[in-house]
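The values are calculated or read from the model by the stated rules, or taken from the named source; none is laboratory data. No experiment lies behind these values; they were computed from the predicted model shown. Here the Cβ is made from the backbone with ideal geometry for all residues, glycine too, and neighbour counts use every protein chain on show. Each accessible area value is taken on the protein alone, full model and side chains, heavy atoms only, with ligands, DNA and RNA left out. Shrake-Rupley method; radii C 1.70, N 1.55, O 1.52, S 1.80 Å.
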Amino acid sequence: MFRKIVFFQLIIILTSIFLLSGCTEKSKVVSYPNNPDTTTITFFGNKYETENVRVIEEIISNFMKENPEIRVSYESLKGNEYYEALEKRIKTGKADDVFMVNHDILLELKSRGKVADLSGLSTIPNYTDSMLSQMNDNGSIYWVPTTVSVFGLYCNTDLLKKHKQKVPENLGEWRTVCDYFLEQGTTPIIANNDISLKTLAIGKGFYSAYQNKNQQEIFESLSSGDKVLSDYLGSGFSLVNEFIDKGYIDAAKTLNTKKTSDDLTEFVKGNTPFMLTGAWAAGRVAEMSPDFEFQVVPYPALDDGSLEVINADTRLSINSETANLDEAIKFVEYFTRDENIQKFADQQSSFSPLKNGSPSAVKEIQPLVSCYQSSRTVIGTDSMLDLPIWDLTADATKKLLSGESFESTMQWIDEQAGSERGAPNET
């Protein structure tokens, strides 16, 4: 298992020197003599890449300058390894003071009383009403977001222009461009085996609920079992299945394509017009110096236009059993100050979850802003849905990519949702 551990004091030994050396070496632990006058809190997260860690270093360093009595240790793991390690630490009573969570794992931690109530944080009133509606849990708050992530369609605009094709603005146009490139012998869409296709399915499936503003009612029915997921996600997964059947994506290759890694490497080769992944990777793609221009646009998944899938992201929670609750709260309050949230959102090519926040200034993601501001959005992991939607949709996508039929996959997702509720499923 490859992990990175970074310890911070007022004098910082930057980890970026090590990180830039590559991912094949094990990390070093930089430690310092214990100071009896300081309290050390541990911070565990899945923000692992060099540029992510650099910003976290800066925030932690500034926090410790302002609070010299508190020392912060940050450790990170990548991908699924992180959540496996987090669950193991919590089960063995060795959880960190502060840790990052996602929607699905929070359902489990909250049910076991493992996360502290953060409703008293001084920064809570700074969040938008939309974010507060996600954070509020019957008057309690168990996590706070530091970014709003957006999922988009990466477009190689130079390649499109070369072939006299346009950036698609609706589903009909997207199909037309994909058909054109298929005729040229090119698989038109790069997708990864995690977030690409499940976000497309979630966005397409739940879009009308958000536009009709009855998502709360629908999610309550889905959570209780009065309705089944396939009634809503069926349209989204039908589109995913169509893209697989038509060859718009390479199913076998996608099953082995890691997110924001293998997919980016393939995209920067410049041979493919589209890629589906998170907009937060735009800065990373630009740093890979592709010899073409690109932009990230909303999903052109509707007959009459586009939509965006968003998430309250990089969520911070505090261990309810920590012996350093006051210090952990002080740190999370500092991390969620306006200036730090904006710094983090800018680096992540994301939007701010705060009332006075601004979208990242990264030029390639600017086409996403208007769609976000006009609320043509779907929340990928809505807190009002008490089902592990992120994992369920990922597994359903892999079933379709592996050749399982649309019908059996929808039956499976309903059965799994029923198991999660702890009651027989009705289909």
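So Tyr248 clears everything in (1) under 21 Å from the mean Cα position of the chain (by Cα); (2) under 30 Å from Glu183 (Cα atoms); (3) open to solvent by less than 40 Å² (accessible area, probe 1.4 Å) except one condition, right? Which one?
(1)
Filter the range 160-192 for residues that are open to solvent by 20 Å² or more (accessible area, probe 1.4 Å) and either assigned to a helix (DSSP H, G or I) or modelled with pLDDT under 95 (or both) and give the result.
Lys161, Lys162, Gly172, Glu173, Arg175, Thr176, Asp179, Tyr180, Leu182, Glu183
Output the qualifying pairs, or none if there are none: Cβ atoms under 6 angstrom, residues six or more apart or on different chains, first residue in the range 369-396 and open to solvent by 70 Å² or more (accessible area, probe 1.4 Å), second residue assigned to a helix (DSSP H, G or I).
Asp386/Ser223; Asp391/Asp104
With respect to Ser289, determine if the residue is in a loop (DSSP other than H, G, I, E, B), free of Cβ contacts under 8 Å to residues at least 40 places away in the same chain and hydroxyl-bearing (Ser, Thr, Tyr).
yes
Just give me the residues in the range 300-347 being among the acidic types (Asp, Glu) and more than 20 Å from the chain's Cα centre (by Cα), in sequence order.
Correct list: Asp303, Asp304, Glu321, Asp326, Glu327, Glu333, Asp338, Glu339.
Does any residue of the range 261-277 turn out to be open to solvent by 40 Å² or more (accessible area, probe 1.4 Å), under 19 Å from Ser370 (Cα atoms) and at pLDDT 95 or above?
Checking the range 261-277: not a single residue is open to solvent by 40 Å² or more (accessible area, probe 1.4 Å), under 19 Å from Ser370 (Cα atoms) and at pLDDT 95 or above.
Take Gly79 and tell me if it is surrounded by fewer than 19 Cβ atoms within 10 Å (Cβ to Cβ) and closer than 22 Å to Ile310 by Cβ. Reasoning before the result, please.
Details: surrounded by fewer than 19 Cβ atoms within 10 Å (Cβ to Cβ): yes; closer than 22 Å to Ile310 by Cβ: yes.
In short, yes.
Would you be able to tell me the number of residues in the range 224-237 that are touching a residue at least 12 places away in the same chain (Cβ under 8 Å) and part of a helix (DSSP H, G or I)?
8
Of all residues in the range 378-400, count the ones that are within 21 Å of the chain's Cα centre (by Cα) and more than 19 Å from Ala209 (Cα to Cα).
So the count comes out to 7.
Of all the residues that make up the range 318-339, how many are open to solvent by 10 Å² or more (accessible area, probe 1.4 Å), out of contact with any helix residue (DSSP H, G or I) (no Cβ under 8 Å at 6 or more places or on another chain) and in a helix (DSSP H, G or I)?
Quick first cut of the range 318-339, residues open to solvent by 10 Å² or more (accessible area, probe 1.4 Å) only: 319-327, 329-330, 333-334, 337-339.
Those still in the list that are out of contact with any helix residue (DSSP H, G or I) (no Cβ under 8 Å at 6 or more places or on another chain) too: 320-321, 323-327, 329-330, 333, 337, 339.
Then drop every residue that is not in a helix (DSSP H, G or I), which leaves 325-327, 329-330, 333, 339.
The number of residues fulfilling the criteria is 7.
Consider only pairs whose beta carbons are under 7 Å apart and that are at least six residues apart or on different chains; among these, list those whose first residue lies in the range 195-223 and is outside any helix (DSSP H, G or I) and whose second residue is not charged (D, E, K, R).
Ile195/Phe151; Ile195/Thr277; Ile195/Gly278
Enumerate the pairs (first residue in the range 238-260 and closer than 17 Å to Ala394 by Cβ; second residue anywhere and among the aromatic types (Phe, Trp, Tyr) and open to solvent by less than 60 Å² (accessible area, probe 1.4 Å)) with beta-carbon separation below 7 Å, excluding pairs fewer than 6 apart on the same chain, so at least 6 apart or on different chains.
Matching pairs, first to second residue: Asn241/Phe406; Ile249/Phe243.
Select, from Phe151, Phe99, Phe63, the only residue that is modelled with pLDDT of 95 or more, surrounded by 15 or more Cβ atoms within 10 Å (Cβ to Cβ) and in a helix (DSSP H, G or I). Even if it seems obvious, please write down each step before you answer.
Details: Phe151 fails: in a helix (DSSP H, G or I); Phe99 fails: in a helix (DSSP H, G or I).
The match here is Phe63.
Which number in (1) touching a Pro at 6+ places or on another chain (Cβ under 7 Å); (2) open to solvent by 40 Å² or more (accessible area, probe 1.4 Å) marks the one condition that Arg315 misses?
(2)
Of everything in the range 106-129, what is hydroxyl-bearing (Ser, Thr, Tyr) and open to solvent by less than 60 Å² (accessible area, probe 1.4 Å)? Give them in sequence order.
Just the residues of the range 106-129 that are hydroxyl-bearing (Ser, Thr, Tyr), to begin with: 111, 119, 122-123, 127-128.
Result: Ser119, Thr123, Tyr127, Thr128.
Just checking, how many residues over the range 278-298 are at pLDDT 95 or above and either among the charged types (D, E, K, R) or within 21 Å of His163 (Cα to Cα) (or both)?
Residues that pass the stated criteria total 8.
Working only within the range 207-231, note down all residues that are under 19 Å from Trp412 (Cβ atoms) and either among the β-branched types (Val, Ile, Thr) or buried (at least 21 other Cβ atoms within 10 Å of the Cβ) (or both).
Within the range 207-231, Leu222, Val228, Leu229, Ser230 meet the criteria.
Test Leu86 against the stated conditions and say whether it is of a type in the set (A, V, I, L, M, F, W, C), within 20 Å of the chain's Cα centre (by Cα) and open to solvent by 10 Å² or more (accessible area, probe 1.4 Å).
When the stated conditions are applied, Leu86 does not pass them.
So for the range 34-45 (the condition being in a helix (DSSP H, G or I), surrounded by fewer than 19 Cβ atoms within 10 Å (Cβ to Cβ) and modelled with pLDDT of 90 or more), does at least one residue qualify?
no
From Ala417, Ala361, which residue is among the small types (Gly, Ala, Ser) and touching a residue at least 40 places away in the same chain (Cβ under 8 Å)?
That would be Ala417, the only listed residue that is among the small types (Gly, Ala, Ser) and touching a residue at least 40 places away in the same chain (Cβ under 8 Å).
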